[in-house]
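Working notes, structure below.
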Amino acid sequence: MWSNLPFDVLAKIFSFLSPDSLARARSTCRHWNACVDTYPIATSFILLSLHHRAWFLALPTRNRGQHCYVHNPVIDNWHLLSLDFLPDPVRPVASIGALILVRPTNCTALQLALCNPFTRQFRYLPMSNISRTNPAVGVVTLDSVQHGPNPNFRVYVAGGMSEAPRGGAMYELKLEMYDSMDDTWHVVGFVPTEFAVRLTVWTPNESVYSNGVLYWMTSARAYSVMGYEIDDHRWRGFGVPMADKLEFAALLCRNGGLTLVGGASEGEACIWELKEGDRWGLIEKVPMEMGRKLLGGKRSWGSIKCVGSEEAIYLYKELGSGMVVWREMEEKARWAWLWIEGCHSIGGNQVPNLPIKGVFLNPNLFPFTF
């Protein structure tokens, strides 16, 4: 019976499978494999993004071989993915649906690339108009097919150091934007000198886009936030709660709004949302028992990292340390706290407890065509 089902019916069934299950299904017989190839849209980003949660992808922060680890939240299982197709070691900048925006670690000047670790594809973006080191990078996804193999997006680059006209280096004040629609970099504005300095010296390469504004968090205590209003070309800065007491702080986007996660010395980790007038409102606290388990008996939050999506917030440390998760439940009206065990072994082989950098990814098995 299964071998005689029409392709459109099979494609609808396949749309409910997670990417790893879909990969196994397509290897069952020629009929199923042909169905997946014939109906790639139905079995990929449109329906898969509706039925499945984003996966947590962990990249070792030290060059321990070309590989990464991914956690499938559907079956609560870890997988090892080889990254030997990458020409250079990389670190993640941001996820863009099924793709990861990465930066090679073996060059000083900014160079960005896209990769899909599931289809083993890699492509460098064109070099920006201005060669600069250590700038802040922001990503904006433009359309509703952001989970597909070819999302439309823009990359903003601000600050950094560039070559001065008479030699030496200077803070770069030009704001550049890469548009995936024309595969070209454009100079779209300027950055005030004060912001250019802070973006260069104190800001990591993470950004959050919410309601027309790109936000960056300074990495120095006391923490603060910088925002760029894209349509108005206006920069602004504002503070965060407990700014001089937080040992770690991260910006996320939840329910379309800007969210702050931070942990204070010998205290709790809290979650705030930005209200009107750049005011923060406390919405949740990490359960004390889970917090102590994540910290491993220590009282400092300094080693904790955080990554989030519209549907979940993960707090993590090393690969094997486990993760504290605040996640939207299936009924969509309630968020709950969960504990996810760290990655200790895969396929019976022990996995070292590595320092990692995590990103969320919506896995897609279909190649991008940029």
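For the chain, the normalised intensity computed at q = 0.07, 0.13, 0.15 Å⁻¹ comes to -0.32, -1.13, -1.46 (log10 of I(q)/I(0), Debye sum over alpha carbons, equal scatterers, no solvent). Could you identify which residue out of A109, A169, A94 has the top mean-square fluctuation in a GNM of the chain using Cα springs shorter than 10 Å? Greatest mean-square fluctuation among the candidates belongs to A169. When the P(r) of the range 101-140 is calculated, the portion above 12 Å amounts to 63% of the C-alpha pairs. With 10 Å bins beginning at zero, the pair-distance distribution over Cα atoms of the range 187-293 amounts to 14, 46, 30, 8, 2 %. Given +1 at the Cβ of Lys and Arg, -1 at the Cβ of Asp and Glu and no other charges, the dipole of the range 225-334 around its Cα centre is 440 debye to the nearest 20. Surface exposure of the chain, expressed per residue as accessible area with a 1.4 Å probe, stands at 45 Å². Beyond 15 Å, what percent of the Cα pairs of the range 289-336 remain? Roughly 47 percent, rounded to a whole number.
Of K174/K245; K245/K317; K174/K285; K285/K357; K275/K298; K174/K317, which ones are farther than 28 Å apart at the Cα? Beyond 28 Å between Cα atoms: K174/K245; K174/K285; K275/K298; K174/K317.
The gain in end-to-end length when the S265 to E311 segment is fully stretched comes to 13.8 nm, 0.36 nm per residue minus the alpha carbon separation.
Across the options N152, Y209, P241, the greatest Cα extent toward the positive end of the charge dipole of the chain (unit charges at beta carbon of Lys, Arg, Asp, Glu) belongs to P241.
What is the projected area of the convex hull of the Cα atoms of the range 244-318, averaged over all directions, in nm²? Its Cα hull, projected and averaged over all orientations, spans 5.0 nm². One equal scatterer on each Cα of the range 317-370, no solvent, Debye formula: the resulting log10 I(q)/I(0) at q = 0.12, 0.23, 0.25, 0.29 Å⁻¹ is -0.47, -0.97, -1.01, -1.11. The charge dipole of the chain, taken about the Cα centre with unit charges on the Cβ atoms of Lys, Arg (+1) and Asp, Glu (-1), comes to about 800 debye, rounded to the nearest 20. Charge dipole of the range 276-370 (Cα centre as origin; +1 on each Lys and Arg Cβ, -1 on each Asp and Glu Cβ, all else neutral): 500 debye, rounded to the nearest 20.
Sorted largest first, the principal axis extents computed over the alpha-carbon atoms of the range 58-186 equal 57, 36, 21 Å.
Sorted largest first, the principal axis extents computed over the alpha-carbon atoms of the range 231-370 equal 53, 48, 32 Å.
Ranking V137, I75, F118 by Cα position along the charge dipole of the range 73-139, where only Lys, Arg, Asp and Glu carry charges on their C-beta atoms, puts V137 farthest toward the positive end. Between N77 and D244, the FRET efficiency from the beta-carbon distance, with R0 = 56 Å, is close to 0.85.
The values are calculated or read from the model by the stated rules, or taken from the named source; none is laboratory data. Just so it is clear, the model here is predicted, and its values are computed rather than measured. Heads up, the Cβs are rebuilt from the backbone with ideal geometry, glycines too, and the neighbour counts pull from every protein chain shown. These accessible areas exclude ligands, DNA and RNA; they are computed on the full protein's heavy atoms, side chains included. Shrake-Rupley method; radii C 1.70, N 1.55, O 1.52, S 1.80 Å.
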